[in-house]
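One structure is given below, encoded as structure tokens.
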Amino acid sequence: MNLRLTIAFVALALFAACGGAENDKEMTPANADTAPPQAAPAAPDAASDDPAARLNRLAEAYFDEMLKLNPLFATFIGDDRYNDRIANSIGAQHRAAEKEMNTRYLERLGEIDPQALDGQDRLTYLVFERDLRENIEGFRFPSHLIPVNQFRGMHNYFARLGSGASLHPFNTVKDYDDFLSRSDDFVVWMDQAIVNMKEGTTQGVVQPRILMERVIPQIEALLKDEPEETVFWKPVENMPETISGAERDRLTAAYREAIATKVMPAYRRLLAYIQDSYLASARETVGLNALPDGEAWYAFRVKSYTTTDLTADEIHEIGLAEVARIHEQMRGVIAEVGFEGTLEEFFAFLNDDPQFYFASEEELLTSYRSLMADLDVKALKLFDSLPRTGYEIRPVEAYRAKSSSAGSYVSPSPDGSRPGVFYVNTYDLSARPRWGMESLFLHEAVPGHHFQNALAIELTDLPRLRRFGSYTAYGEGWGLYAESLGKELGVYEDPYQYFGALAAELWRAIRLVVDTGLHHKGWSREQVLEFMYSNTAVKEARAVSEAERYIAIPGQALAYKIGQLQIRTLRDEAEAAWGDDFDVKAFHRQVLNDGELPLDVLAAKIRRWSEERGQ
């Protein structure tokens, strides 16, 4: 995993959606009763010169040092040692410390001979080395000067963290005191963001105006005159009965003061700066290539997100070819249902006919929950390695629903005490068609992200940088590959649901075209919207949200389709090597049983396995 990118975008992962928007693999939430994740078993002292033992000790030392520098990441994986901190991750001192750490560990890793390693240890070396090099390379680009947009930013993340319904635990007096301490650090981060944005205006590194205009109502929605009216008061309202007497009174007073005198003023300072100063300096362009060194910056993000050597031009052409192929499959469904008209007219029919929409939020949630028992059984057709931990379906919280898309997934706690969560967006039912339900479920829940994430967390023999690693191309590629298994699993029996799966896949193909169009070929926001309207069935609300998401997070949207295509190619190669003996369950085990891997590392591993089976 690219740890630096994972941490930098963790707020993004918490506020975006997959299957229709963003999901950089939402990180594991903490739990008050969860012990810190244990390191992989240490080698005995007698084996101190053994390369594998040295590697694993080095990986564990790095992970511990990284957690100390990134306390929120520690909370995400259930390690509560730093629950009283938020790092000033965009500050110069912190950035220098991270760069020095990665450089130092790369030098130490270079002292280990990779040829002396095999199996999981060889994979760990390849992953570790790749991450360190990429982390160091990433410091070339000034992402810290554009720390806030509508999809990524502490302004949204901290509100969710402090709501009492998210990752920070609120069960003990210490939990409550920890968040008060984190509130102080939040103020530091917000003020640093203003400093950085001011510096960005002098260097010409600024956000597009359209994105910052979307940030303003997000902050305004969080601002309240009375502490009791804010989302941060929820933990006080829901304070456990075990906290009573003087401690309860002290915490209540402390939260009232912190919200009124620290948290709300920090939000107001950021809002005032954006409205009064930053918007005037924000740019009208929308592509990353419009910024200084922007072409190289985008190329780096393409490489980071896809974990391939594909260029932006190559990906653009792949996208165009995939759009054309999927359109042809869609025309086959149109013929099957007997619709008389063009593809564009069928899109309009799907958008406009009331039969394709839910009447209420409850009906939408009930329909999704009805799929749970069905898919848990049908998954056994293709999988024999199932996670021990279950999952739940919940609606996206109201305060973030407008900026999120169809769905997202949050991993379970490492000890299994908290299940995974599939968040379904119930905002604007006119943008949540029934025909998109089954494919979204397969992507987010079973056999998609729930299988992928929960199984990885359960790999307790691996170093933590492998268990908790995150590669968007692998994770989202797996999610989209999971969607493609619908007919094999016995779903998509309704042709409209199958069309919905094709429409979901079409979105990922469109992303290849428009993301590279925006950030490499100079497309405008309007050109992106026009391409969407011309090639798929989409309502304006979703099209705008998607387009602005691609503007906000250059390169991330490429990972889905590139990852799916790679996994499908590896399966095709394995089927050819195995012939009649091909075992799809064994193939899925091979893809899932090592945690998330860069696509090139995964490909080399699967090809070795296929060759061995084919001999």
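Of all residues in the stretch 273-294, which are in a helix (DSSP H, G or I) and within 24 Å of the chain's Cα centre (by Cα)? Write out each step before concluding.
Narrowing the stretch 273-294 to residues in a helix (DSSP H, G or I): 273-281, 288-290, 294.
Leu288, Asn289, Gly294 - these are the residues of the stretch 273-294 that are in a helix (DSSP H, G or I) and within 24 Å of the chain's Cα centre (by Cα).
So, in the stretch 482-497, of the ones that are among the small types (Gly, Ala, Ser) and in a helix (DSSP H, G or I), which residue ends up nearest to Phe73 (Cα to Cα)?
Only one residue tops the list, namely Ala482.
Residue check: is Arg508 charged (D, E, K, R) and surrounded by fewer than 24 Cβ atoms within 10 Å (Cβ to Cβ)?
Values: charged (D, E, K, R): yes; surrounded by fewer than 24 Cβ atoms within 10 Å (Cβ to Cβ): no.
The answer is no for Arg508.
Output the number of residues of the stretch 280-301 satisfying the condition of being touching a helix residue (DSSP H, G or I) at 6+ places or on another chain (Cβ under 6 Å) and hydroxyl-bearing (Ser, Thr, Tyr).
2
Given the stretch 520-615, what helices (runs of 4 or more DSSP H) lie entirely inside it while holding 2 or more residues that are farther than 30 Å from Gly294 by Cα? Explain how you work it out, then say what you get.
Numbers: elements: 525-535, 540-552, 559-578, 584-592, 599-614.
Answer list for the stretch 520-615: 559-578, 584-592, 599-614.
Please specify each residue of the stretch 540-570 satisfying the condition of being in contact (Cβ under 8 Å) with a residue 60 or more places away in the chain, surrounded by fewer than 24 Cβ atoms within 10 Å (Cβ to Cβ) and among the charged types (D, E, K, R).
Arg542, Glu546, Glu548, Arg568 - these are the residues of the stretch 540-570 that are in contact (Cβ under 8 Å) with a residue 60 or more places away in the chain, surrounded by fewer than 24 Cβ atoms within 10 Å (Cβ to Cβ) and among the charged types (D, E, K, R).
From the list Glu392, Glu362, exactly one residue is of a type in the set (D, E, K, R) and touching a strand residue (DSSP E or B) at 6+ places or on another chain (Cβ under 7 Å). Which is it?
Values: Glu362 fails: touching a strand residue (DSSP E or B) at 6+ places or on another chain (Cβ under 7 Å).
Sole residue among the options that is of a type in the set (D, E, K, R) and touching a strand residue (DSSP E or B) at 6+ places or on another chain (Cβ under 7 Å): Glu392.
Conditions first: (1) surrounded by 16 or more Cβ atoms within 10 Å (Cβ to Cβ); (2) over 30 Å from Thr311 (Cβ atoms). Glu199 passes all but one, so which condition is the exception?
It is condition (1) that Glu199 fails.
Please find, within the stretch 271-283, the residue that is surrounded by the most Cβ atoms within 10 Å (Cβ to Cβ) out of those that are under 17 Å from Leu223 (Cβ atoms) and in contact (Cβ under 8 Å) with a residue 12 or more places away in the chain. Reasoning before the result, please.
Here is the first cut: in the stretch 271-283, the residues under 17 Å from Leu223 (Cβ atoms) are 271-276.
Applying the additional criterion that residues be in contact (Cβ under 8 Å) with a residue 12 or more places away in the chain yields 271, 273-275.
On the way: Leu271: 18, Tyr273: 18, Ile274: 22, Gln275: 16.
The selected residue is Ile274.
Please go through the stretch 105-125 and give me each residue that is over 23 Å from Arg467 (Cβ atoms) and either among the basic types (Lys, Arg) or not in a helix (DSSP H, G or I) (or both), ordered by number. Even if it seems obvious, please write down each step before you answer.
Restricting attention to the stretch 105-125, the residues satisfying the condition of being over 23 Å from Arg467 (Cβ atoms) are 107, 110-111, 113, 115-116.
Within the stretch 105-125, Gly110, Glu111, Asp113 meet the criteria.
Given the criterion in a helix (DSSP H, G or I), modelled with pLDDT of 95 or more and in contact with a Gly (Cβ under 6 Å, 6 or more places away or on another chain), identify the matching residue among Gly517, Gly479, Gly500. Give the derivation first.
On the way: Gly517 fails: in contact with a Gly (Cβ under 6 Å, 6 or more places away or on another chain); Gly500 fails: modelled with pLDDT of 95 or more.
Going through Gly517, Gly479, Gly500 in turn, the sole match is Gly479.
Go through the stretch 218-228 and count every residue that is assigned to a helix (DSSP H, G or I), within 24 Å of Asp175 (Cβ to Cβ) and touching a residue at least 40 places away in the same chain (Cβ under 8 Å). Show your work before the answer.
Within the stretch 218-228, the first condition is being assigned to a helix (DSSP H, G or I), and the residues that meet it are 218-222, 227-228.
Applying the additional criterion that residues be within 24 Å of Asp175 (Cβ to Cβ) yields 222, 227-228.
Those left that are additionally touching a residue at least 40 places away in the same chain (Cβ under 8 Å): 222.
Here the count works out to 1.
Quick one: in the stretch 52-76, of everything that is in a helix (DSSP H, G or I) and of a type in the set (S, T, N, Q), which residue is surrounded by the most Cβ atoms within 10 Å (Cβ to Cβ)?
Our first condition is that a residue be in a helix (DSSP H, G or I); within the stretch 52-76, this holds for 52-69, 71-76.
From the residues that got through so far, the ones that are of a type in the set (S, T, N, Q) too are 56, 75.
Details: Asn56: 21, Thr75: 27.
Restricting to residues being in a helix (DSSP H, G or I) and of a type in the set (S, T, N, Q), the top hit is Thr75.
Among the residues of the stretch 383-396, count how many are crowded, with 16+ Cβ neighbours inside 10 Å and either out of contact with any helix residue (DSSP H, G or I) (no Cβ under 8 Å at 6 or more places or on another chain) or not β-branched (Val, Ile, Thr) (or both).
Number of matching residues: 5.
Any chance the stretch 436-453 includes a residue that's farther than 27 Å from Leu126 by Cα and modelled with pLDDT under 95?
yes
So which residues in the stretch 77-134 are among the small types (Gly, Ala, Ser) and surrounded by 16 or more Cβ atoms within 10 Å (Cβ to Cβ)? Please lay out each step first, then the result.
Residues of the stretch 77-134 that are among the small types (Gly, Ala, Ser), as a first pass: 78, 87, 89, 91-92, 96-97, 110, 116, 119.
Passing the criteria: Gly78, Ala87, Ser89, Gly91.
Out of (1) surrounded by 20 or more Cβ atoms within 10 Å (Cβ to Cβ); (2) of a type outside the set (S, T, N, Q); (3) modelled with pLDDT under 95, the odd one out for Gly162 is which?
Among (1) surrounded by 20 or more Cβ atoms within 10 Å (Cβ to Cβ); (2) of a type outside the set (S, T, N, Q); (3) modelled with pLDDT under 95, the lone unmet condition for Gly162 is (3).
Which pairs turn up if I take residues in the stretch 229-257 that are at negative phi and look for partners that are among the basic types (Lys, Arg) and surrounded by 14 or more Cβ atoms within 10 Å (Cβ to Cβ) with beta carbon separation below 7 Å, at least 6 apart in sequence or on another chain?
Thr230/Lys224; Met239/Arg248
Is at least one residue of the stretch 312-335 closer than 28 Å to Leu518 by Cβ, out of contact with any Phe, Trp or Tyr (no Cβ under 9 Å at 6 or more places or on another chain) and at pLDDT below 95?
no
Residue by residue through the stretch 240-270, note down the ones that are of a type in the set (Asp, Glu) and surrounded by 14 or more Cβ atoms within 10 Å (Cβ to Cβ). Steps first, answer last, please.
In the first step, residues of the stretch 240-270 are kept if they are of a type in the set (Asp, Glu); the result is 241, 247, 249, 257.
Within the stretch 240-270, just Glu247 meets the criteria.
What's the total number of residues in the stretch 402-417 that are surrounded by 17 or more Cβ atoms within 10 Å (Cβ to Cβ) and either among the polar types (S, T, N, Q) or in contact with a strand residue (DSSP E or B) (Cβ under 9 Å, 6 or more places away or on another chain) (or both)?
Here the count works out to 11.
Identify all residues within the stretch 442-476 that are part of a helix (DSSP H, G or I), surrounded by 24 or more Cβ atoms within 10 Å (Cβ to Cβ) and among the small types (Gly, Ala, Ser); write none if there are none.
Within the stretch 442-476, Ala456, Ala473, Gly475 meet the criteria.
Would you be able to tell me the number of residues in the stretch 134-164 that are more than 27 Å from Leu211 (Cα to Cα) and out of contact with any Leu (no Cβ under 9 Å at 6 or more places or on another chain)?
Result for the stretch 134-164: 1.
Sort out which residues of the stretch 158-216 are over 22 Å from Thr285 (Cβ atoms) and charged (D, E, K, R), and write them in order of number. First the steps, then the outcome.
So in the stretch 158-216, the residues over 22 Å from Thr285 (Cβ atoms) come out as 158-192, 194-195.
Answer for the stretch 158-216, where residues must be over 22 Å from Thr285 (Cβ atoms) and charged (D, E, K, R): Arg160, Lys174, Asp175, Asp177, Asp178, Arg182, Asp184, Asp185, Asp191.
The values are calculated or read from the model by the stated rules, or taken from the named source; none is laboratory data. On a predicted model such as this, the values are computed, not experimentally measured, just so you know. Virtual Cβ from ideal backbone geometry, glycine too; neighbours counted across all protein chains shown.
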